[in-house]
1. Within the stretch 164-173, can one find any residue that is modelled with pLDDT of 85 or more, open to solvent by 50 Å² or more (accessible area, probe 1.4 Å) and in a loop (DSSP other than H, G, I, E, B)?
2. Might you check whether a residue that is over 19 Å from residue 143 (Cβ atoms), crowded, with 16+ Cβ neighbours inside 10 Å and basic (Lys, Arg) occurs anywhere in the stretch 55-63?
3. For the stretch 117-136, state whether one or more residues are closer than 20 Å to residue 25 by Cα and modelled with pLDDT under 80.
4. Among the residues in the stretch 89-108, are any within 25 Å of residue 165 (Cβ to Cβ) and loosely packed, with under 13 Cβ neighbours inside 10 Å?
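The values are calculated or read from the model by the stated rules, or taken from the named source; none is laboratory data. Keep in mind that this is a model prediction, so the values were computed, not measured. Cβ placement follows ideal geometry from the backbone for every residue including glycine, while neighbour counts extend to all protein chains displayed. Areas reflect the complete protein model, heavy atoms only, side chains present, ligands, DNA and RNA absent. Shrake-Rupley method; radii C 1.70, N 1.55, O 1.52, S 1.80 Å.
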Amino acid sequence: PPFTLRNGGAVVNFSANLYDKAPIQVFCRKSSNPEILLVSIDKGVQEIITDFQALDSSKDSSVFSLQKSVISEAGFSKKYHPDCPSLHNLLKEIGFGIELTTFCPITPGSGLGTSSILASTILAVLYRLLGRNVKLEDQIHTIIGLEQHLKAGGGWQVQIGGITGGLKLIESKPGLIPDPLIYHLDSSFLSS
């Protein structure tokens with residue numbers, strides 16, 4: 001933006017491994033405790049969350065602010081459960097807590113789409129854990145909205161490029177909310 005608002009855009013984008021491994025990894029599983037346990041392997045910290053207020057990333061500048069935003073947007077917030085008295089009660093109601101572990105050794109602000117990839121991966125594993133089937137278009141719009149809410153910046157090509165793997169051409173028509181066309185390209189010529 002603002003160029004894409006008036007003209008749309010097109011970008012060729014590719015995903016890459018770092019030292020032959022996926023540079024961002026997210027592990028998620030159910031737990032018997034009605035709480036959300038966040039663990040960052042690369043930062044060496046963890047946090048236990050038991051109430052909705054602790055998921056409010058607008059008042060949070062911790063290493064877990066992105067994780068909290070994604071968890072809230074996945075449905076674990078007062079916005080989606082206005083009659084539920086607490087996150088603890090909601091987790092008891094669904095029958096499990098959540099352990100979410102992330103590994104993200106790439107420096108924030110590197111321009112590699114790190115926050116988009118991390119956010120979309122967290123969202124995907126949470127949806128899988130909850131048994132939800134979400135269309136790619138909805139996932140893209142959720143991540144772009146989260147990025148803007150967190151003021152992470154970047155254009156749609158960063159978010160969409162981070163969400164979709166491989167080598168691709170991404171096109172979008174003019175407008176505030178991109179409706180991308182994604183053309184996956186043969187990435188064999190990138191192999192050495």
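1. Yes, that holds for at least one residue.
2. no
3. no
4. Among the residues of the stretch 89-108, at least one is within 25 Å of residue 165 (Cβ to Cβ) and loosely packed, with under 13 Cβ neighbours inside 10 Å, which makes the answer yes.
Results for (1) farther than 18 Å from residue 113 by Cα; (2) open to solvent by 50 Å² or more (accessible area, probe 1.4 Å); (3) not aliphatic (A, V, I, L, M), shown as yes or no for each residue.
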{"residue": "5", "(1), (2), (3)": "yes, yes, no"}
{"residue": "8", "(1), (2), (3)": "yes, no, yes"}
{"residue": "18", "(1), (2), (3)": "no, yes, no"}
{"residue": "23", "(1), (2), (3)": "no, no, yes"}
{"residue": "28", "(1), (2), (3)": "yes, no, yes"}
{"residue": "34", "(1), (2), (3)": "yes, no, yes"}
{"residue": "42", "(1), (2), (3)": "no, yes, yes"}
{"residue": "75", "(1), (2), (3)": "yes, no, yes"}
